[in-house]
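The values are calculated or read from the model by the stated rules, or taken from the named source; none is laboratory data. The structure displayed is predicted, hence computed values, not measured ones. For neighbour counting, all protein chains shown are included, and Cβ atoms are generated from backbone atoms with ideal geometry for every residue, glycine included.
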Amino acid sequence: MKAKQFLTIALLVNTGFIFAESKQTEKSVDIVVNRSPTCSCCGKWVEHLEQNNFNVKDIVSGDVQAIKNKYGITQDLASCHTAIVDGYVVEGHVPASDIRTLLKNKPDIVGLTVPGMPNGTPGMEMGGKKDAYEVIGFDKKNQHHVFNSYQAE
């Protein structure tokens, strides 16, 4: 019995080590985040990106709307911050995993958005409350499609 327990513990420890090691060897990605100086959730989203191996250039600006206008972020797509990564626009609290999927698959779209500020998105953690939300892909013709969806908890 003790040998079985030892093997189980060794396997769990080793698996955790491999997971942590793979997270560290994941290629880092440069991203530029444009955000308002008064928005604290934007800073939390930046932390989420940094924890997921993104190199963040954090630009605090009093006119984030100008960036949104430049990249075609319409009111229905808007959130509180706008990022640029490898030529794509990332609007709002998009999870780092979805950004990585975007960069891996390289679809012919302008970018991704999580419109508004849903509770439970990265940077918008509100205790245990998580709203259902969708990550939306959008193109130059302002056509939208669901890139990923998350359930409420």
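Here are the numbers:
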item: Residue in the stretch 60-71 that is aliphatic (A, V, I, L, M), crowded, with 20+ Cβ neighbours inside 10 Å, more than 17 Å from Pro122 (Cα to Cα) and in contact (Cβ under 8 Å) with a residue 12 or more places away in the chain present; result: yes
item: Selected residue (criterion: farthest from His145 (Cα to Cα)) from residues of the stretch 55-99 that are of a type in the set (S, T, N, Q) and under 18 Å from the mean Cα position of the chain (by Cα); result: Asn55
item: Residue list for the stretch 101-130, filter: farther than 19 Å from Phe54 by Cβ, assigned to a loop (DSSP other than H, G, I, E, B) and either modelled with pLDDT of 95 or more or not charged (D, E, K, R) (or both); result: Pro107, Asp108, Ile109, Val110, Pro115, Gly116, Met117, Pro118, Asn119, Gly120, Gly127, Gly128
item: Members of the stretch 82-114 that are more than 19 Å from Lys68 (Cα to Cα) and free of Cβ contacts under 8 Å to residues at least 12 places away in the same chain; result: Lys104, Asn105, Lys106
item: Number of the exception - Ala83 against (1) small (Gly, Ala, Ser); (2) in a loop (DSSP other than H, G, I, E, B); (3) crowded, with 19+ Cβ neighbours inside 10 Å; result: (2)
item: Search result, residues across the stretch 131-143 that are closer than 17 Å to Trp45 by Cβ and either aliphatic (A, V, I, L, M) or assigned to a loop (DSSP other than H, G, I, E, B) (or both); result: Asp131, Val135, Ile136
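Listed here are the residues, each with its yes/no results for (1) more than 16 Å from Phe138 (Cα to Cα); (2) in contact with a Phe, Trp or Tyr (Cβ under 8 Å, 6 or more places away or on another chain); (3) among the polar types (S, T, N, Q).
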{"site": "Asp63", "(1), (2), (3)": "yes, no, no"}
{"site": "Leu77", "(1), (2), (3)": "no, yes, no"}
{"site": "Ser97", "(1), (2), (3)": "yes, no, yes"}
{"site": "Met117", "(1), (2), (3)": "yes, no, no"}
{"site": "Gly120", "(1), (2), (3)": "yes, yes, no"}
